[in-house]
Amino acid sequence: MISGMDRLVAAAKGETSDRVPVFCNLIDQGAKELGMTIEEYYSNGEYVAEAQLRMREKYGYDNLWGLFYVGKEAELMGCGKIIFATDGPPNVGQMILKSYDDIDRLVVPQDISSHPAFQEPLKCLNILKKEAGGKYPVCAYVTASMTLPAILMGMEKWMELLLTGPAAVRDELLEKCSDFFKKEITAYRNAGADVIIYANAFGSTDFVPMRMFQELSLPWMERDLKPVGTDGVVYYCGGARMNAVLGQVIERLGLGTYYLSPFDDIAEGKKIIGGRGLTCGVINDIRLIDWSKEEIRSEVKRMMDAGKPGRKFLFGTLVMPYVIPEENIRAMLEAAYEFGGLGGDDK
Amino acid sequence: MKEIIAAYNEAIFDANRDRALKIIREAVDNGVAPEDIVFKVVVPALEVMMKGVSETRNVSLAQHFLAAQIAAEVTEDMVARFRKAPAVAGSVVIGTSQGDFHGLGKKIISGCLKALMIEVIDLGLNVPPERFVDEAVAHGAQVIAISSMMVHTALGENGCLKVRQILKQRGLEDKIKVIVGGAPYRHDPNLYKVVRADAWAEDAITAGKVIAGLIKGVRK
Ligand code: B12
């Protein structure tokens, strides 16, 4: 039996397997699977692990998630207020940085692995590794130094500091966020995560002008990643586009996998990457809410046709909205398994 | 005037706030009318910027954000110097939907609206549906603008759908129009119909135009 890990490894090497690997990011859906509220679901790492394993089994895709919600990172940095919804992801409900002085006072936890807010995710990762380690890649989500301030002070305040604030304050914050990043990625790796989604909306020129990308985003990404290495790290701009910066990111950072935006041209992205890494074509999963089966099929086919030639291709979703009907999830996956088939002759 | 426009546009494009403000200050010192600064320099510059976003999509959100902020700042300053108080086009209450703490979109939209002489009442983040309606009534606003960055806060029962229901119950649908925006609507341009909004807009300058249209419609 070919496993998700076999498929992923084959794709990364440009070798053949039965089909293109499929990453389907069902996160909050685990609560529905276990018949719980979302708040109850995230209170225990055993629940999350169990639902992750069940959903993968039920649908047959290739990855598992150790992510609870991105707001966890704010909790690790001292945020005490998370707002739980009944039908969507939890959100940070309180910004821990209200003034520049707060930046000065911000303390990065010494050790993430022993932090109280990390214990449930750790429990979850341990179970996933025990049950599926080596067979299905276990994914973790870690926010880059340039983007983390968005959930510590809010996007508006961060943009303001970045664009018009004092450079020394900005750099002090980035330094702390980069320190946190390195500790967090290490904790996830120690817990057994195989794939690290390196999330950086500010690594896209949809967010910052090219010059700022080159003068600030790139150097800070280098500072995040150089000391900890790029093993298993996936470049992801939160769904924002990356084709315009791919060449520079590959040259400077040399990451192995690029998780495009639904609005990036897949064939163009693959061409720029040019065999230097794995390209992930990403579906606009918000449309799965109301697309018909036929529309879903033809979109998946279009994406596979664009990405499959030359192999080194992965099919993925963003953060799948909670309201997508189960039958549409199945329609997408069935189409991905069918059109992602790697016959012996399509080299 | 041409040089002022070109220099200002470039400063905005470079996301250089200090340079943009300096150009305006010098123009005023050289006797350019405050009215001309707003209507011939600031507003057209916003349009050029946003056009870049939708046509080639190579203008970043950072530039967008600064352009709107500077526009609001300069407009406020200039309006105080207008010879005749400008006619306010109308009023809008704006906020993020309940459960949504993403405030950047709202801020950009508000900046653009202010430059277009539309009064903005900012209700902040995480706004319950009843409050949108109550505040719109209290301020005599013609438009409720709701920003949502996530699917569940856009489609959920305490978002736009509820605002629509309350407007209907109170018989206010002819007096107050609803516009929505944010990431989910950009990913699916049909979504605004699902939440029964009157309109949506994909960026701030389009929002300004659409809102101006809605206000006109109500006032007729
Ligand atoms: C940056 C970003 C992040 C950052 C910062 C978020 C923050 N502010 O806190 C980080 C990495 C931390 C993050 C985290 C999460 N994110 Co996020 N994120 C994004 C991203 C890339 C941009 C969002 C943003 O801030 N945009 C800024 C606004 C201003 O830009 P804009 O939408 O282009 O705005 C224009 C228009 O929309 C319009 N407009 C905006 N508002 C309005 C209002 C009106 C009335 C009108 C007319 C127009 C209008 O005008 C604006 C200016 O031109 C989007 C994807 C994307 N490409 O959009 C995902 C996205 C919003 N995130 C998403 C999700 C799910 C999350 C999380 C909930 C994930 C999780 N499970 O934990 C967390 C929540 C974190 C929290 N707050 O607790 C999803 C939401 C969809 C969904 N599945 O529900 C998105 C769409 C990505 C995706 N497709 O999966 N995220």
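As a test of the formula, what do you get for chain B when each DSSP H run with n ≥ 4 contributes -39,500 (n - 2.57) and the sum is divided by the residue count, at 222 nm and rounded to the nearest 500 deg cm²/dmol?
Details: 11 runs with 120 residues, N = 220.
Result for chain B, helices only: -16500 deg cm²/dmol.
For the range B:2-79, report the accessible area per residue in Å² (1.4 Å probe, heavy atoms, rounded to an integer).
On the way: 3660 Å² over 78 residues.
It amounts to 47 Å² per residue over the range B:2-79.
Rounding to the nearest 10 and keeping the result within 0 to 90°, find how far the Cα-based axis of helix A:293-307 lies from the longest principal axis of chain A.
80 degrees
Please compute the length gained on full extension between B:Ala138 and B:Lys220, using 0.36 nm multiplied by the number of residues separating them and subtracting their Cα-Cα distance. Can you show the working numbers first?
Values: separation 82, 0.36 × 82 = 29.52 nm, distance 2.02 nm.
Residue separation times 0.36 nm, minus the Cα-Cα distance, leaves 27.5 nm.
Could you work out the relative contact order of chain A, using alpha carbon pairs under 8 angstrom and six or more residues apart, expressed as a whole percent?
The value is 20 percent.
Give me the three principal axis extents of the range A:274-317 from the C-alpha atoms, as integers in angstrom, largest value leading.
Projected onto the principal axes, the Cα atoms of the range A:274-317 cover 36, 16, 10 Å.
With N set to the number of residues, divide the alpha-carbon radius of gyration of the range B:2-79 by 2.2 N^0.38 Å and report two decimals.
Expressed relative to 2.2 N^0.38 Å, the Cα Rg reads 1.02.
Under a point-charge model restricted to the Cβ atoms of Lys and Arg (+1) and Asp and Glu (-1), what is the dipole moment magnitude of the range B:2-79 relative to its Cα centre, in debye to the nearest 20?
Details: 8 positive and 13 negative charges, 51 e Å.
Charge dipole, the range B:2-79, about its Cα centre: 240 debye, nearest 20.
Taking the Cβ of A:Cys177 as the centre, find all other residues whose Cβ is under 12 Å away and add up their charges (Lys, Arg: +1; Asp, Glu: -1).
Neighbour charge sum, excluding A:Cys177 itself: -2.
For q values of 0.12, 0.14, 0.15 Å⁻¹, compute log₁₀ I(q)/I(0) with the Debye formula on a Cα-only model of the range A:4-339, without solvent.
Values returned for q = 0.12, 0.14, 0.15 Å⁻¹ are -0.84, -1.17, -1.35.
Kindly express, to the nearest 10 degrees and within the range 0 to 90, the angle between helix B:104-115's C-alpha long axis and the longest C-alpha principal axis of chain B.
The answer is roughly 60 degrees.
If you scale each eigenvalue of the Cα gyration tensor by 5 and take the root, what three semi-axes come out for chain B, rounded to whole angstrom and sorted largest first?
Taking √(5λ) for each eigenvalue gives 32, 19, 13 Å, largest first.
Run the quick spin-label model on A:Lys226 and B:Lys193: label points 7 Å from Cα toward the beta carbon, then report their separation in nm to one decimal.
The answer from the label model is 5.3 nm.
Taking all protein chains in place and a 1.4 Å probe, what share, in percent, of the accessible surface of chain A do carbon and sulfur account for?
51 percent
Counting Lys and Arg as +1 and Asp and Glu as -1, each charge on the Cβ, what is the dipole of chain A about the Cα centre in debye, to the nearest 20?
That gives chain A a dipole magnitude of about 780 debye.
If you roll a 1.4 Å probe over the range B:90-219 with all protein chains in place, what percent of the accessible area is carbon or sulfur?
It is 50 percent, rounded to a whole number.
Taking R0 as 45 Å, what's the FRET efficiency between A:Asn190 and B:Asp36 from their Cβ-Cβ distance, rounded to 0.05?
So the FRET efficiency works out to roughly 0.10.
So what is Rg over Rh here for the range B:102-176, counting just Cα atoms and using Kirkwood for Rh?
Radius of gyration over Kirkwood radius for the range B:102-176 works out to 0.96.
Angle check, please: helix A:4-13 long axis (alpha carbons) against the longest principal axis of chain A (alpha carbons), in degrees 0 to 90, nearest 10.
Its long axis makes an angle of about 80 degrees.
With N set to the residue count of the range B:90-219, report its C-alpha Rg divided by 2.2 N^0.38 Å to two decimal places.
0.90
Roughly speaking, what % of Cα-Cα pairs in the range A:77-161 are separated by over 22 Å, rounded to a whole number?
Tail of P(r) above 22 Å: 42 percent of Cα pairs.
Using a Cα-Cα cut-off of under 20 Å, which lysines could be cross-linked to B:Lys168, ignoring same-chain neighbours fewer than 8 residues away?
Partners within reach: B:Lys177, B:Lys193, B:Lys220.
Work out the FRET efficiency for A:Glu46 and A:Ser113 from their Cβ-Cβ distance, taking R0 = 22 Å, and round it to the nearest 0.05. Could the numbers behind the result be given before it?
Numbers: r = 18 Å, r/R0 = 0.83.
In this case the efficiency is close to 0.75.
Using only the Cα atoms, work out Rg/Rh for the protein assembly as shown, with Rh taken as the Kirkwood radius, to two decimals. Mind showing how you got there, number by number?
Values: Rg = 24.2 Å, Rh = 24.8 Å.
Using only Cα positions, Rg/Rh for the protein assembly as shown is 0.98.
Over the C-alpha atoms of the range A:16-170, what are the Rg and the largest Cα-to-Cα span, Dmax, in Å?
Cα only, the range A:16-170: 17.7, 56 Å (Rg, Dmax).
Just how large is the dipole of chain B about the Cα centre, in debye to the nearest 20, putting +1 at every Lys and Arg Cβ and -1 at every Asp and Glu Cβ?
600 debye
With only alpha-carbon pairs counted, each pair once and no self-pairs, how large is the Kirkwood hydrodynamic radius of the range A:168-289 in angstroms?
15.0 Å
The values are calculated or read from the model by the stated rules, or taken from the named source; none is laboratory data. These figures come from a predicted structure and were not determined experimentally. Glycine gets a Cβ as well: all are built from the backbone with ideal geometry, and neighbour counts include every protein chain shown. Side chains are part of the model used for accessible areas, which takes the heavy atoms of the whole protein and leaves out ligands, DNA and RNA. Shrake-Rupley method; radii C 1.70, N 1.55, O 1.52, S 1.80 Å.
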